[in-house]
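Novice: There's a structure below that I have some questions on.
The values are calculated or read from the model by the stated rules, or taken from the named source; none is laboratory data. None of these values were measured; they are calculated from a predicted model. Cβ atoms come from the backbone with ideal geometry, glycine included; neighbour counts cover every protein chain shown.
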Amino acid sequence: MKFLLDTHLVLWIPVDDPKISREARAILSDPSNECIFSVASIWEIAIKKRLGRPDFPHDPREIRALFLQNGYQELPIESRHAVLVDSIALIHKDPFDRILIAQSMAEGITLLTADPEIASYPGPIRKI
């Protein structure tokens with residue numbers, strides 16, 4: 001199965017953060033699953049790190065390299081993802097989260113998230 005990682009997972013995985021649930025760990029460690037990270041997450045990390053946000057301490061270059069070296073696939077942002085954003089309910093207003101939701105819908109990939117607001121959207125989203 002294919003899984004798109006929410007940005008918090010992209011931040012938590014490199015440091016083996018204890019916030020990663022048992023369910024998420026099982027999904028991530030199952031070799032039959034394909035784990036994907038979005039360019040949107042790297043972009044969000046770069047912006048928020050530059051703004052000095054303490055919850056975004058990691059270098060986006062290092063995170064991207066680490067994920068690619070460990071076999072994760074990178075999902076680019078395409079115009080078909082961007083135009084889908086306008087049809088998504090305004091439950092969650094964060095533009096980075098909204099593009100991840102649109103990508104999961106457009107690609108038919110299950111978005112893994114710990115965020116209950118994101119998990120309240122219909123579509124291929126799984127709260128872990």
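Novice: Might you check whether a residue that is surrounded by 16 or more Cβ atoms within 10 Å (Cβ to Cβ), of a type outside the set (A, V, I, L, M, F, W, C), within 18 Å of MET1 (Cα to Cα) and in contact with a His (Cβ under 9 Å, 6 or more places away or on another chain) occurs anywhere in segment 72-79?
Specialist: Taking every residue of segment 72-79 in turn, none turns out to be surrounded by 16 or more Cβ atoms within 10 Å (Cβ to Cβ), of a type outside the set (A, V, I, L, M, F, W, C), within 18 Å of MET1 (Cα to Cα) and in contact with a His (Cβ under 9 Å, 6 or more places away or on another chain).
Novice: Can we say PRO57 is in a loop (DSSP other than H, G, I, E, B) and surrounded by 11 or more Cβ atoms within 10 Å (Cβ to Cβ)?
Specialist: In short, yes.
Novice: Determine whether PHE37 is crowded, with 21+ Cβ neighbours inside 10 Å, aromatic (Phe, Trp, Tyr), touching a residue at least 40 places away in the same chain (Cβ under 8 Å) and under 18 Å from ILE125 (Cα atoms).
Specialist: No; evaluated as a whole, the condition is false for this residue.
Novice: Can you confirm whether segment 42-57 contains a residue that is closer than 20 Å to MET1 by Cβ and among the hydrophobic types (A, V, I, L, M, F, W, C)?
Specialist: no
Novice: Would it be correct to say that ASP17 is closer than 23 Å to PRO95 by Cβ and either hydroxyl-bearing (Ser, Thr, Tyr) or assigned to a loop (DSSP other than H, G, I, E, B) (or both)?
Specialist: It is false that ASP17 is closer than 23 Å to PRO95 by Cβ and either hydroxyl-bearing (Ser, Thr, Tyr) or assigned to a loop (DSSP other than H, G, I, E, B) (or both).
Novice: Still on this structure, please answer the following. When you go through (1) among the basic types (Lys, Arg); (2) modelled with pLDDT under 95; (3) in a helix (DSSP H, G or I) one by one for ARG80, which number turns out not to apply?
Specialist: (2)
Novice: Let me ask you something else. Please determine, by comparing only the residues of segment 98-124 that are without any contact (Cβ under 8 Å) to a residue 40 or more places away in the chain and under 11 Å from the mean Cα position of the chain (by Cα), which one is surrounded by the most Cβ atoms within 10 Å (Cβ to Cβ).
Specialist: ILE101
Novice: Restricting attention to segment 87-128, which residues are among the acidic types (Asp, Glu) and in contact with a strand residue (DSSP E or B) (Cβ under 9 Å, 6 or more places away or on another chain)?
Specialist: ASP97, GLU107, ASP115
Novice: Do the conditions hold for GLU74, that is, is it among the charged types (D, E, K, R), part of a helix (DSSP H, G or I) and at pLDDT 95 or above?
Specialist: In short, no.
Novice: Among (1) basic (Lys, Arg); (2) farther than 15 Å from ILE128 by Cα; (3) assigned to a helix (DSSP H, G or I), there is one condition ARG25 misses while meeting the rest; what is its number?
Specialist: (2) is the only condition that ARG25 fails.
Novice: So ILE88 clears everything in (1) more than 16 Å from LYS127 (Cα to Cα); (2) within 16 Å of the chain's Cα centre (by Cα); (3) among the β-branched types (Val, Ile, Thr) except one condition, right? Which one?
Specialist: (2)
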